[in-house]
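The values are calculated or read from the model by the stated rules, or taken from the named source; none is laboratory data. Just so it is clear, the model here is predicted, and its values are computed rather than measured. Heads up, the Cβs are rebuilt from the backbone with ideal geometry, glycines too, and the neighbour counts pull from every protein chain shown.
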Amino acid sequence: MINFTLRSLPGHWPTLETLDIGAMPEGIRRFQRLIDLGLASVTSFEPQAEQRARLGPDSYGSRVLSDVLGDGRPGIFHVTHYPGCTSLLEPDPAVINMFHGIDAGPPDGNFTVIREESVNTRRLDDIDECPMADYVKIDVQGAELLVLENGTAKIADAVVIDSEVEFVALYKNQPLFGEIQVFMRAQHFMFHKFIEIAGRTFRPTSLPDATTALSQGLWADAIFVKDFSHLECYSEKQLLKAAVVLHEVYASFDLVRRLLLEYDCRSGEQRATAYWAALQDSSALQSMYMSLKTSI
């Protein structure tokens, strides 16, 4: 648990232009802390009217847009029984139904398509209402790569991108993690870590909690950071912006310290020293790594 904020340290900390692509509310927003601290201006994309209404016009500090993001061509929106599974891609029952806890069968499987809607997609780069992003969180059920490929200008100055990725194709013709990572490398982002890794048990094996897994990983959120092997390519403001989101949202304390050391070398300030002292005085510094070697 992070029990101190960068705003408690000396100096000005910049606000991040944040894109929430696929903004259906599911619990507390991952970046809610940034909003609460006044460190995020958020542009949300949510094409489903009912879910957009749940967001409300002022829920997350900025604007809510209804565009279906894609490559700018017509598409089919596959609306599913559980709204969080709705996608431009078609669910693949042959794969989904191998697992407990997810289901593509009628009448109420979470991946069951209840209707198909013809839509005109828009390229992220073509949306004037959308600012250049500092931080992106994207979860569009398999269409993440399509959206990012058509938004390279909007993400060109971003410092952190948080994308849902899959390891098994639950949708037909779905790009998997490896393809997204290759694209992100070409955009000068490095993979940082996974969070919220999820899986399910193969049928017929089941567990009391159907949302847990014994062995198979299915999806996760992958965190990509602007190439930290070339900090000379960061502006001073980007160093601070990356430090803000990586501390407040992802508890990446060691990378934050490295970014602040680079900032201090340029600015003559002592933010890294103050940051490290605050970490030592708190209970925040802990391993955020998961290793099977600790349990087998």
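Figures for the structure shown
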quantity: Selection from region 101-110 of residues that are under 15 Å from A198 (Cβ atoms) and surrounded by 19 or more Cβ atoms within 10 Å (Cβ to Cβ); calculated: I102
quantity: Boolean, T86 is touching a Gly at 6+ places or on another chain (Cβ under 7 Å), under 16 Å from G22 (Cβ atoms) and among the polar types (S, T, N, Q); calculated: no
quantity: Test: T121 is among the β-branched types (V, I, T), under 23 Å from P47 (Cα atoms) and in contact (Cβ under 8 Å) with a residue 12 or more places away in the chain; calculated: yes
quantity: Sole residue being outside any loop (DSSP other than H, G, I, E, B) and among the hydroxyl-bearing types (S, T, Y), chosen from Y263, Y250; calculated: Y263
quantity: Filtered residue count, region 274-283, keeping only those that are exposed (fewer than 14 other Cβ atoms within 10 Å of the Cβ), of a type outside the set (G, A, S) and either on the phi > 0 side of the Ramachandran plot or assigned to a helix (DSSP H, G or I) (or both); calculated: 1
quantity: Members of region 140-171 that are crowded, with 21+ Cβ neighbours inside 10 Å and either at pLDDT below 95 or assigned to a loop (DSSP other than H, G, I, E, B) (or both); calculated: V140, Q141, G142, A143, G151, K154, I155, A158, V159, L170
quantity: Enumerated strands (runs of 3 or more DSSP E) restricted to region 24-130, each holding at least 1 residues that are basic (K, R) and at pLDDT below 95; calculated: 63-65
quantity: Any chance A49 is over 23 Å from D157 (Cα atoms) and either of a type outside the set (K, R) or in contact with a Pro (Cβ under 7 Å, 6 or more places away or on another chain) (or both); calculated: yes
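Residue-wise test of (1) more than 25 Å from P107 (Cα to Cα); (2) touching a Leu at 6+ places or on another chain (Cβ under 8 Å); (3) buried (at least 18 other Cβ atoms within 10 Å of the Cβ); (4) free of Cβ contacts under 8 Å to residues at least 24 places away in the same chain.
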site	(1), (2), (3), (4)
G22	no, no, yes, no
S44	yes, yes, yes, no
A49	no, no, no, yes
P74	yes, no, no, no
G84	no, no, no, no
I96	no, yes, yes, no
